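Below is one structure, written out as structure tokens, with a few remarks after it.
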Amino acid sequence: MVDIAKLAKTVDDAAHKARSIPQLSEKTKYSLDDAYAIQSASIQRRLDRGEKRNGMKMGFTSRAKMIQMGLNDMIWGRLTDQMMVEDGDTISLKNYVHPRVEPEIAFLLKRPLGYPCTAAEALSAVDGVAPAMEIIDSRYRNFKFSLEDVVADNASSSSFVVGPWHRPDTDLENLGMIMEFNGRPVQIGSSAAILGQPVRSLVSAARLTAEAGEGLQAGWIVMAGGATAAEALRPGVHVRNSVQGLGSVAFSVTE
Ligand code: OOG
Ligand code: MG
């Protein structure tokens with residue numbers, strides 16, 4: 001029997017204290033279902049500390065991300081209010097193990113979204129779309145993991161930052177995305193890299209959360225997944241993601 005509660009405490013403690021741990025699978029054999037149960041229990045520990053659930057994130061929705069991490073299956077994770085960084089704020093590396101940043105698109109839902117749904121139905125539940133960035137921070141040493149390990153670790157979720165909201169009927173099909181460190185482009189991509197079009201990621205988010213018996217809720221933010229490979233953060237960088245037609249979102253990094 002896999003001790004879900006114990007493994008949930010292990011990943012939650014590592015995230016809470018920003019300390020790296022060996023991959024759970026080194027000592028324990030567990031399934032993908034177990035991994036999502038560990039994730040759910042670890043998020044419950046955060047909710048028990050007073051955090052509020054405010055969304056979900058999709059992972060490995062682009063080829064660039066799959067290639068960078070060597071995994072081919074879409075995954076998802078749970079977001080809380082404590083993970084949210086205000087646009088323009090400064091984060092301290094002290095709160096992370098080895099954070100990386102990736103350019104994303106975010107959706108804000110105005111009503112619950114179940115599954116099955118078409119892309120048009122998914123869009124009709126959207127209140128706004130925004131340029132965004134996710135700060136991922138695997139709790140595993142050297143940012144190395146199996147599919148089960150990364151799922152148990154809440155899909156490397158650590159922080160996310162969302163820029164100005166735009167009307168939900170904004171065309172998201174093929175928007176240029178440029179992520180800069182101190183004004184120098186470090187990753188260049190397109191929203192089309194996210195499953196061909198980010199709305200498909202929202203449909204997948206509806207499917208995966210419905211399969212988990214949760215669904216997507218009104219007021220939630222859905223992060224569609226990195227459009228490019230992620231970049232390691234270092235002290236002194238000012239990070240900006242500019243998305244064609246959606247403006248930009250930024251944050252700074254200190255020691
Ligand atoms: C896993 C999280 C993947 C994305 O946007 O593809 C992800 C990782 O790369 O550590 O957030
Ligand atoms: Mg991501």
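Scanning for something without any contact (Cβ under 8 Å) to a residue 24 or more places away in the chain, away from ligand 2 (no atom under 16 Å from the Cβ) and not in a loop (DSSP other than H, G, I, E, B), does the stretch 209-222 turn up at least one residue? No, the stretch 209-222 contains no residue that is without any contact (Cβ under 8 Å) to a residue 24 or more places away in the chain, away from ligand 2 (no atom under 16 Å from the Cβ) and not in a loop (DSSP other than H, G, I, E, B). A single entry from Ile188, Ile194 fulfils the requirement of being among the β-branched types (Val, Ile, Thr) and surrounded by fewer than 17 Cβ atoms within 10 Å (Cβ to Cβ): Ile188.
State all residues of the stretch 207-234 that are of a type outside the set (Ser, Thr, Tyr) and in contact with a helix residue (DSSP H, G or I) (Cβ under 6 Å, 6 or more places away or on another chain); if no residue qualifies, say none. Spell out the reasoning first.
Looking only at the stretch 207-234, we keep the residues that are of a type outside the set (Ser, Thr, Tyr), and these are 207-208, 210-227, 229-234.
Residues satisfying the conditions are Gly215, Leu216, Val222, Ala224, Gly225, Gly226, Ala227, Ala229.
Confirm whether Thr118 is surrounded by fewer than 23 Cβ atoms within 10 Å (Cβ to Cβ) and touching an Asp or Glu at 6+ places or on another chain (Cβ under 9 Å). Here the answer is no, as Thr118 does not meet what is asked. The residue list Val162, Val249, Val151 contains one member that is of a type in the set (A, V, I, L, M, F, W, C) and touching a Leu at 6+ places or on another chain (Cβ under 7 Å), which is Val151. Select from the stretch 7-33 the residues that are over 20 Å from the mean Cα position of the chain (by Cα) and either assigned to a loop (DSSP other than H, G, I, E, B) or farther than 24 Å from His98 by Cα (or both) and list them in ascending order. Hits for the stretch 7-33 are Pro22, Lys27, Thr28, Lys29, Tyr30, Ser31.
Against the numbered list (1) part of a loop (DSSP other than H, G, I, E, B); (2) buried (at least 22 other Cβ atoms within 10 Å of the Cβ); (3) β-branched (Val, Ile, Thr); (4) out of contact with any helix residue (DSSP H, G or I) (no Cβ under 8 Å at 6 or more places or on another chain), Val161 comes up short only at (1).
Set side by side, the residues Ala210, Ala152 differ, and just one is closer than 28 Å to Arg139 by Cβ, of a type outside the set (Lys, Arg) and surrounded by 20 or more Cβ atoms within 10 Å (Cβ to Cβ), which is Ala152.
Every read-out reported here was derived from the displayed coordinates using simple, explicitly stated rules and does not represent laboratory data. Since we're looking at a predicted model, the values are computed, not measured. FYI the Cβ positions are ideal-geometry reconstructions off the backbone, even for glycines, and counts take in every protein chain you see.
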